[in-house]
1. Output the residues belonging to segment B:144-172 that are aliphatic (A, V, I, L, M) and within 26 Å of the chain's Cα centre (by Cα).
2. Would you mention how many residues in segment B:174-216 are within 30 Å of residue B:226 (Cα to Cα), touching a Phe, Trp or Tyr at 6+ places or on another chain (Cβ under 6 Å) and among the charged types (D, E, K, R)?
3. Do we have residue B:178 as surrounded by 24 or more Cβ atoms within 10 Å (Cβ to Cβ), of a type outside the set (Gly, Ala, Ser) and within 14 Å of another protein chain (Cβ to nearest Cβ) here?
4. Please verify whether segment B:92-114 includes one or more residues that are buried (at least 24 other Cβ atoms within 10 Å of the Cβ), farther than 30 Å from residue B:5 by Cα and away from every other protein chain (no Cβ under 14 Å).
5. From (1) at pLDDT 95 or above; (2) of a type in the set (A, V, I, L, M); (3) part of a loop (DSSP other than H, G, I, E, B), pick out the condition that doesn't hold for residue B:148.
6. For segment A:329-344, enumerate the residues that are of a type outside the set (Val, Ile, Thr) and either free of Cβ contacts under 8 Å to residues at least 24 places away in the same chain or crowded, with 17+ Cβ neighbours inside 10 Å (or both).
7. Taking residue A:442, is it assigned to a helix (DSSP H, G or I), at pLDDT 90 or above, under 28 Å from the mean Cα position of the chain (by Cα) and closer than 30 Å to residue A:9 by Cα?
8. For segment A:1-105, give me every one of the strands (runs of 3 or more DSSP E) that falls completely inside it and has 3 or more residues that are closer than 26 Å to residue A:206 by Cα and at pLDDT 95 or above.
Protein chains: 2
Amino acid sequence: MEISSLQKARYAYTPKLPQMLRGGIAEINVLEGAETKSVADCEKIQALFPNTYGKKEIVFQKGQNTSTPKKQVVGVILSGGQAPGGHNVICGLYDALKSTNPENVLYGFKNGPIGLIEDNYVIFDDEYIDQYRNTGGFDIIGSGRTKLETNEQFAIVSEVCKKHGITAIVIIGGDDSNTNAAVLAEYFAANNTGVQVIGCPKTIDGDLKNEDIDCSFGFDTATKTYSEIIGNIERDANSAKKYWHFVKVMGRSASHVALECALKTQPNICLISEEVAAKKMSLSQIADYITDSVAERAARGMNFGVAVIPEGVVEFVPEFAILIAEINELLAGSKADAFNALPTWAEKYAFIENGLTKASMEVFAILPQGIQQQLFLERDPHGNVQVSLIESEKLFSALVADKLAARKKAGTYSGKFSPLHHFLGYEGRCAFPSNFDADYCYSLGYNAFMLIQYGYNGYLSKISNLSKPASEWVAGGMPITKMMNIERRHGEDKPVIKKALVELDGKPFKFFEANRETWAIETSYVYPGAIQYYGPSEVCDITTRTLALEKE
Amino acid sequence: MEISSLQKARYAYTPKLPQMLRGGIAEINVLEGAETKSVADCEKIQALFPNTYGKKEIVFQKGQNTSTPKKQVVGVILSGGQAPGGHNVICGLYDALKSTNPENVLYGFKNGPIGLIEDNYVIFDDEYIDQYRNTGGFDIIGSGRTKLETNEQFAIVSEVCKKHGITAIVIIGGDDSNTNAAVLAEYFAANNTGVQVIGCPKTIDGDLKNEDIDCSFGFDTATKTYSEIIGNIERDANSAKKYWHFVKVMGRSASHVALECALKTQPNICLISEEVAAKKMSLSQIADYITDSVAERAARGMNFGVAVIPEGVVEFVPEFAILIAEINELLAGSKADAFNALPTWAEKYAFIENGLTKASMEVFAILPQGIQQQLFLERDPHGNVQVSLIESEKLFSALVADKLAARKKAGTYSGKFSPLHHFLGYEGRCAFPSNFDADYCYSLGYNAFMLIQYGYNGYLSKISNLSKPASEWVAGGMPITKMMNIERRHGEDKPVIKKALVELDGKPFKFFEANRETWAIETSYVYPGAIQYYGPSEVCDITTRTLALEKE
């Protein structure tokens, strides 16, 4: 098998552990903190998690090992979308497990949670693990989106664990997967299976963070990769001086990715979905906001620019959310048949005009035809509009073009506007993890085993103080229930880990807000360049601007 | 002004010169070679270039300087599309010029050739130059696509040169710009202006190469950037195991970029336009070729893959080129009015069906509707189809989907096919130049000044032996006329530098051809990762696979 020279070189990288973990289990001791309670809805959460609620936060420290010697057989799964560093979580877990006792065994269940149900696994050994050290991707065992949430599933998982003598399961996933990890942990405790569950916080979206989790792994590498590309595009814009680039970036509902990229690259425009929602902005207002920058720059002789658009933004525009709801209603079930039978777009358009409220029709009418058709023609199996497929980068550039045409007519704009469109997503989920993510992930995995060895269940592997050098990082564990509250999901009250959106009074947003007017008009681009794994420490070891601002 | 930590670190990088240039002008001597003749059409080229034709190739060597001491005032322009390293050409030129004589002056004319016409310039000094060392982009003075080709323009340029006392002009550009450099050199010689012209070979497309030019600058960095992204996408495909990614890459007519990326990343499919043309492949045949890979992989349980599509491929499909010609004819001039007046797409479609030949209509009929509409609705100011806007990555995935549907019906395929689409272009033109491009470009600029100092005119700055370490590179110059032949362009015979397409009997293609069947069926992906500027030499100093194979 041919591998790249970088991959070969990265095999030789030794991830940095927090100082307190560097002596291995022999020198690790537990410092117990206070008992915890959930961030909200304490009684309801406690009622749902009677066996795992209220446990103590713990921190590891140097000291005499007091854990019970016991052969450990551990299973690990990767859950959900890829994030750089997943392989290193498994490598850290494997190294801790094997160095604690060479008889310990690590099972990797394949293709996500389904692997636990199907009993589809690999048993790791050195040769297997060594191929994946410090590499990107989740291809070591694959990932998947099946959810483990029913008692039937849990019973099957229990059987699988029993069969292999598995003592603990490590779930590497996002907020939903860790919520499910907590539920599984409760099930195991309630049924006295003796199997522990430990979660690890993964997601490039950056929305799994709170007072206990500095950041999820993968966010650093993904935003560095997107920022490399955005910076390159900015430099191209500033060289060719004739295009406006509309760059949509992944990140689901939250705008952490867009904001971090903006802090790194200083584009002319960056929309923040949470602000759009808070200010109840209309599509027209957003378009005006972008158009002001385009027009002002044109007046200064700069018919070029870069606008960053978070993936989820249109769902945060109140009038657009209403429009989507109306369309879903208009075409629900058999009502779609009459619509589908209409032979021409003109007739379909009349049908729509007739079916929408006046307010929604006004929103619909300003959309470019491509988007209009997409809303009606590309629906999911339930007949719902596929919001995530909406090419919002094209939507906004089309709205801006309309605004500019009107201003040209009014004599208030005389520039040129040539938009280009990009979507950055898959490029960043499987990059070689940055040194930060390589270190953080390895530490998360290593630490997860220490939590197992000390008998914890329903805990998240917690590595904090991440804005400092790795030697100063703090390792420990936090009951997952501590991060939970009750939210309404699909018409039901559910215990879930609270999703972190961009806080409009947080320092990262405040810094952005204080600078964006300048960035909108001037050309203040910063070009981060490609992720470096070698070289000066300030080039290859520093993590996100978001974290630096949050912890400053 | 805020700059990134990588940019700061790159300022400290010292580009490597060929050994023979390291002592500067004092130790540089000229070794004259034989007189040259053009690669074809010698008589015609000689007739067009009576004053600059047939000059000698020269190579520099260590020795006593014999050039005439003279204050040099040099102008430089960047022409055409961005390519990583352009700034370093100017930095090398500046350093050579200033170290030869601090009284020498370097003018940078702004926004491409138009700067010479408009007399729009900057005079470089250390402070200005130092901001751009080892950075990407052409923003140091901007670039542009105006062509310098008429005697009226040349007369204006002569006046501008006279006004500033300019003794030489360095033109950094692709094949067309260097062709124009040769014509300008001839004009200057014929009119005894005493102004010299030196060209430097730039283009990320890689199509400016021949027995004298190992490769154009920028190709290395751009293909490394695209390969980083393709590798990341491959790793995502191999982790998620549910998408087929269709990745179009820039490169204009030639497929050098696609081929180099394929050699680096080993995708399942890479189309090569030159092969499509040579085999006179139809769209259906190409789609079958891709579909075979999709189906075979699906049969092996792999419903994912990556296909690389060169930007220009559809123009090389004979039946598609005919279709485009027919459409251009069908809607030429006022004929478009009747078409535009038709209110619905169905009526427009009938008009088209009526106007195309049967053969072309068969091609048209298999296109997805989005592409059909694009061909008719998005035409340039002359009414012509905008071939470069055709989303060929979507075209091929749609054709493959059709083929798979037919095979499913026939019972020969039972997989899932979810395509995703990408276009890689602007991401790679302004990246920080790789160490190779930083060194090569600096050497090209440095060497250009040596050619000026030795009085050469109509020469290309030539650095060769590039597959070896920089110390072994060979510096010299080649008359541009030597690379020219006569081609038919826009109905006229024109002297031009021969464009280099991928040679189907060349070693890079042969290597690809020998491996692609395996790559199509197995998962042989290679993940190059981000360009590294630091670290082990095999990670940060090696140039393209294409060059290595050509020179092996």
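1. Let us first name the residues in segment B:144-172 that are aliphatic (A, V, I, L, M), namely B:148, B:155-157, B:160, B:166, B:168-172.
Listed by number, the residues that qualify are B:148, B:168, B:169, B:170, B:171, B:172.
2. Final tally of qualifying residues: 1.
3. no
4. Checked segment B:92-114: at least one residue is buried (at least 24 other Cβ atoms within 10 Å of the Cβ), farther than 30 Å from residue B:5 by Cα and away from every other protein chain (no Cβ under 14 Å).
5. Failing condition for residue B:148: (1).
6. A:329, A:330, A:331, A:334, A:335, A:337, A:338, A:340, A:341, A:342, A:343
7. It is true that residue A:442 is assigned to a helix (DSSP H, G or I), at pLDDT 90 or above, under 28 Å from the mean Cα position of the chain (by Cα) and closer than 30 Å to residue A:9 by Cα.
8. Values: elements: A:28-35, A:56-62, A:73-78.
Hits in segment A:1-105: A:56-62, A:73-78.
The values are calculated or read from the model by the stated rules, or taken from the named source; none is laboratory data. The structure presented is a predicted model; accordingly, all values stated were derived computationally and were not measured. Backbone-built Cβ (ideal geometry, glycine too); neighbour counts: all protein chains shown.
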